[in-house]
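Visitor: I have a structure here, written as structure tokens, and I will follow up with some questions on it.
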Amino acid sequence: FPDTTLKRIYVCLALCLTFTLQIWFVSFITTAMTHLEIISTRRSAQVSALRRYLNSNNVPRDVAAKVEKNSQHCLMQQEKNMPEEQVELLQYVNESVLVDMHFSMYMPVLSRNPFFRCYGAVNLDGMRKVCHAALSVAAVAKDGCLFYRGEKTLKPQMMFLVSGTLEYQKRESDEPLAVTNKHWIAEATLWLEDWIHLGTLKAPENARVVVLSAEKFQEIITNFQSTWARKYAFRFAAILNDTGVDTISDISEYSREI
């Protein structure tokens, strides 16, 4: 037993500190468990609602399994790669700072394509605005399809693979082409009206792609005086017209021709 005043004070402080730490630890564990329970309950409710919808509409079991698997993948991807619109604090960030953020995020990806790499040098402000307003990230679940052969996309868009695996097959008899980060997808949608896809692009594994909206891209660059994009578009169309149908593809990689 402490026999001096100093020792008594020390013991009291130690007990208070220990008691406070115990309360904090128990509170932390309780909060974490409550948070996990809320998430688990919400997810269970979402899955139950989905299953009821599929059952009430007589969706075949194999198709229903794919839908459920795809939805769960999207939820996992949403938790792992939070969409920008769900980051509340970004709503209060100055737009000029957001432009800097988006440019640093997307320009390294766009620079795989020689046009964007060069256009960034001749019209930096234009490229910064494209990165800010015309780009987004999309998750593609395993066995998902981004477009089919002969399809005219309602919302034309160019894509870049950033993670995972994609396979492109121009004809059913062809061996699937493994799309890598050296490729870019459907560039023709930026320069040609009513582009029809020449093959099918699927995801044999989960993947993420950066998506460039052709409509927003065109809207942005037409507001700048630089004629570089227009010249590139004419050159792109001319080369495409001179190329045999068997050679044209939705998948592109670096070429010195343009």
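Visitor: Along Cα→Cβ, 7 Å out, is where each label goes; now give me the distance between the ones at Asp242 and Asp194 in nm to one decimal.
Guide: The answer from the label model is 2.6 nm.
Visitor: Let me ask something else. For Gln169 and Asn223 in one chain, what is 0.36 nm times their gap in residues minus the Cα-Cα distance, to one decimal in nm?
Guide: Here the segment from Gln169 to Asn223 would lengthen by 15.8 nm.
Visitor: For segment 111-248, report the accessible area per residue in Å² (1.4 Å probe, heavy atoms, rounded to an integer).
Guide: 55 Å²
Visitor: Let me ask something else about it. For Val93, what is the net charge nearby, where nearby means another residue's Cβ is under 11 Å from its Cβ and Lys, Arg count +1, Asp, Glu -1?
Guide: -4
Visitor: Let me ask you something else. From largest accessible area down, sort Met105, Met159, Met82; use a 1.4 Å probe on the protein chains.
Guide: Sorted by accessible area, descending: Met82, Met105, Met159.
Visitor: I've got another one for you. What is the local net charge at Met107, summed over the other residues whose Cβ is closer than 15 Å to its Cβ (Lys, Arg +1; Asp, Glu -1)?
Guide: Its environment carries a net charge of +2.
Visitor: Which whole DSSP H helices in the chain pass both tests: a Cα extent of 27 Å or more along the axis and a mean Kyte-Doolittle value no lower than -0.5?
Guide: The qualifying helices are 5-56.
Visitor: Hey, can you rank 184-193, 148-157 by average C-beta count inside 10 Å, highest first?
Guide: Ranking, from highest mean packing down: 184-193, 148-157.
Visitor: I'd like the carbon and sulfur percentage of the solvent accessible area for the chain, probe radius 1.4 Å, heavy atoms only, ligands and nucleic acids excluded.
Guide: Exposed carbon and sulfur together represent 57 percent of the surface.
Visitor: Same structure, new question: Please give the solvent-accessible surface of Phe224 in Å², to the nearest 10, using a probe radius of 1.4 Å with every protein chain present.
Guide: 60 Å²
Visitor: Considering just Cα atoms, how many Å³ per residue does the convex hull of the chain enclose?
Guide: 226 Å³
Visitor: If you place +1 on the Cβ of every Lys and Arg and -1 on the Cβ of every Asp and Glu, how big does the dipole about the Cα centre of the chain come out, in debye to the nearest 20?
Guide: The dipole magnitude comes to about 500 debye.
Visitor: Okay, moving on. Assigning unit charges at the beta carbon (Lys, Arg +1; Asp, Glu -1) and nothing else, what dipole magnitude in debye, to the nearest 20, does segment 1-142 show about its Cα centre?
Guide: Result for segment 1-142 is approximately 540 debye, rounded to the nearest 20.
Visitor: At R0 = 25 Å, how high is the FRET efficiency between Gln72 and Ala32 if r is their beta carbon distance? Nearest 0.05 is fine.
Guide: 0.65
Visitor: Another question about this same structure. Which distance in nm do the two modelled labels at Glu85 and Asn181 give, with both placed 7 Å along the Cα-to-Cβ direction?
Guide: 2.8 nm
Visitor: Among Leu15, Leu212, Leu201, which one shows the biggest mean-square fluctuation in a GNM of the chain, springs joining Cα atoms closer than 10 Å?
Guide: Answer for the Gaussian network model of the chain: Leu15.
Visitor: Determine the calculated [θ] at 222 nm for the chain from helices alone, applying -39500 (n - 2.57) to every DSSP H run no shorter than 4 residues and normalising by the residue count; nearest 500 deg cm²/dmol.
Guide: About -17000 deg cm²/dmol.
Visitor: Ok, one more. Give the shape of segment 100-159 as rounded, prolate or oblate, defined through the alpha-carbon gyration tensor: a ≥ b ≥ c are the square roots of its eigenvalues, a/c under 1.5 means rounded, and otherwise the shape is prolate if a/b is larger than b/c and oblate if not.
Guide: Because a/c hits 1.5 or more and a/b exceeds b/c, segment 100-159 counts as prolate.
Visitor: Related question: Counting just the Cα atoms, what span does segment 54-207 cover along each of its three principal axes? Round to the nearest Å and put the largest first.
Guide: 52, 40, 25
Visitor: Which listed residue (Leu240, His197, Gln46) has the Cα farthest towards the positive end of the charge dipole for the chain, taking +1 on Lys and Arg C-beta and -1 on Asp and Glu C-beta about the Cα centre?
Guide: Gln46
Visitor: When all protein chains stay in place, what accessible area (Å², nearest 10, 1.4 Å probe) is found for His102?
Guide: Roughly 10 Å² of His102 is accessible to a 1.4 Å probe.
Visitor: OK, next. Determine the sum of side-chain charges near Ser71: Lys and Arg each +1, Asp and Glu each -1, restricted to other residues whose C-beta is under 12 angstrom from that of Ser71.
Guide: Charge balance in the 12 Å sphere: +3.
The values are calculated or read from the model by the stated rules, or taken from the named source; none is laboratory data. All values reported here derive from a predicted model rather than from experimental measurement. Counting neighbours? That spans all protein chains shown, and the Cβs are built from the backbone with ideal geometry, glycine included. The protein model used for the area step is the full one, side chains on, heavy atoms only, and it has no ligands, DNA or RNA in it. Shrake-Rupley method; radii C 1.70, N 1.55, O 1.52, S 1.80 Å.
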